[in-house]
Structures are given as C-alpha cells and as structure tokens.
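The values are calculated or read from the model by the stated rules, or taken from the named source; none is laboratory data. As the structure is a prediction and not an experimental result, all values here were calculated from the model. For neighbour counting, all protein chains shown are included, and Cβ atoms are generated from backbone atoms with ideal geometry for every residue, glycine included.
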Amino acid sequence: MSFSKKPHCTALIFDMDGVMVDNMQYHRLAWNSYAKQLGFGDIDLFNLIGFGATNRRYLEFLFKRSLSDAEVSMMGEEKEALYRNIFSDHIEPVQGLIPLLQRLKSNGLKLGVATSSPLSNLDFVLDRLELSVYFDVLVYEELVKQGKPNPEIYFKALSLLNIEADQSVVIEDSIHGAEAAKAAGCKVIGLLTSLTSDTFMIPDVTAKNHDEITDALIASLFATD
C-alpha cells in the first residue's frame, strides 16, 4: 500500500505594493497627479478600476485606445518616477515584515516576489529597505505579458522557484492579485492594508499585518480533515 505525501508549504510569494510596503495611497496620489498632467483633469483611477492593475491598464483606460509598448514604457516610468519621489520620505516595511522574512528563511522556505510594478519600483523598495537578501526569485511587470488578475505572474514565480502551486502560499492585498494567485492554484493570505475582511473575500485567510502570519496560520492552510 502506498501513501501520497500531504501537501505542505515550501515557499511563500509576496506581492510588493500593499504587502511589503503600505504605499497604495502614494500610488493613488501619483496617478491622480499624472492624469492631470496628461490633461485628463481630476480623476481617481483607483475608484474607477481598482488598485493592483498594470500601468498599461490604467493608461489605456485614460486614453481609451491601445498603446504601444514604447508609449506604456515612457509614460509608465514618468508616473513611477513621480510615485517614488512622493513616497521616498515615507517608505517603511509593513509591520512585522522583516521578522517574518527572517523566520521563514531560517525555516528553510523559498521566498519570492511577484509584483505588477516595474523593476525600477521593485529595486527602489528592496534597496531602501535592504530586503534583497531574503528573496530567491523576483518577478515584475517587464517579465510577463498579462497583468493580474491573469495568473501568468504566479505561474512564472512558481516555475522559477521550481515548486508546485499546492506547496505555495501567496500574500496579497488586492482583489486582482488574490484572483491571480487563486487562479494559479496557490493558497492565499489576504493582508488587510487596503481592504477590510468584509470586502476581501477571495483569500483563504486574512491578516491585519505580518505579525499575524504565524507558522500555525500557514500550516492551517494545508490542514486536511
């Protein structure tokens, strides 16, 4: 008689915006300011589309047409430079992030980042908070064709980590991101930096901050009856 091995967690994948740093209000300010610079007046893209989408999606919503890669790259980086300037004096890790990363690494788990943000923003956060040492894999906007809620970014991260989806946990703060992670077959912890538990129903469990992401909470995601 053979027994199949029970799934267990071998890797955690972190979104960046709203998960590693609580920065969504600064992205909102940057997008609203940049939209005004482009001549679109007072418009709140996060209210109209939601947060966690790609630069292409926001820009094409504004222009009401398809944009070339060059247009998206140029305007996207202009907006991101504005965001980094606004956020620079406020950057800090979400409560409990660094102790969590230290504990996960000491437990031998693989760690990755899967963010819709461009590499320039990812480098900005990793460098300023000295987080690069913790992560085995980085996946960002330029490495995928489809943004969240398409699961491509999580399939990419799983492939680079060389693990199966049923061995992974994703930490997300947005509906788009949680949908992408679930579509890839991952367990999802929803971090309540941007939404409330009443409005963030997709994750398997939620946590207010990283202090609440205990070993027991992670293990509970793989418990079977």
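Observations
- Residues in the range 66-101 that are among the hydrophobic types (A, V, I, L, M, F, W, C) and surrounded by 19 or more Cβ atoms within 10 Å (Cβ to Cβ): Val72, Met75, Phe87, Val94, Leu97, Leu100, Leu101.
- Test: residue in the range 27-39 that is of a type outside the set (S, T, N, Q) and exposed (fewer than 14 other Cβ atoms within 10 Å of the Cβ): yes
- Some residue of the range 120-142 being modelled with pLDDT of 95 or more, among the aliphatic types (A, V, I, L, M) and in contact with a Pro (Cβ under 6 Å, 6 or more places away or on another chain): yes
- Within the range 24-48, tally of residues that are farther than 25 Å from Ile91 by Cα and either part of a helix (DSSP H, G or I) or touching a residue at least 60 places away in the same chain (Cβ under 8 Å) (or both): 1
Conditions tested, residue by residue: (1) of a type outside the set (A, V, I, L, M); (2) over 17 Å from the mean Cα position of the chain (by Cα).
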{"residue": "Cys186", "(1), (2)": "yes, no"}
{"residue": "Ser194", "(1), (2)": "yes, no"}
{"residue": "Thr199", "(1), (2)": "yes, yes"}
{"residue": "Asp204", "(1), (2)": "yes, no"}
{"residue": "Asn209", "(1), (2)": "yes, no"}
{"residue": "Glu212", "(1), (2)": "yes, yes"}
{"residue": "Leu221", "(1), (2)": "no, yes"}
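- Pair list, Cβ under 7 Å, 6 or more apart: the range 102-128 residue aromatic (Phe, Trp, Tyr), other residue surrounded by 15 or more Cβ atoms within 10 Å (Cβ to Cβ) and assigned to a helix (DSSP H, G or I): Phe124/Arg84
- Of Ser132, Ser197, all but one fail to be surrounded by fewer than 23 Cβ atoms within 10 Å (Cβ to Cβ) and either in contact with a helix residue (DSSP H, G or I) (Cβ under 7 Å, 6 or more places away or on another chain) or among the charged types (D, E, K, R) (or both); the exception is Ser132.
- Residue count, the range 171-182 (criterion: closer than 13 Å to Gly18 by Cα and buried (at least 24 other Cβ atoms within 10 Å of the Cβ)): 6
- Hits in the range 194-219 - residues which are among the hydroxyl-bearing types (Ser, Thr, Tyr), modelled with pLDDT of 95 or more and closer than 24 Å to Pro151 by Cα: Thr206
- Pairs with Cβ under 6 Å, 6+ apart, first in the range 131-158 and free of Cβ contacts under 8 Å to residues at least 40 places away in the same chain and part of a helix (DSSP H, G or I), second surrounded by fewer than 18 Cβ atoms within 10 Å (Cβ to Cβ) and among the aliphatic types (A, V, I, L, M): Glu142/Leu119
- Of all the criteria given as (1) out of contact with any Phe, Trp or Tyr (no Cβ under 9 Å at 6 or more places or on another chain); (2) within 15 Å of Tyr34 (Cβ to Cβ); (3) touching a residue at least 12 places away in the same chain (Cβ under 8 Å), the one not satisfied by Arg84 is (1).
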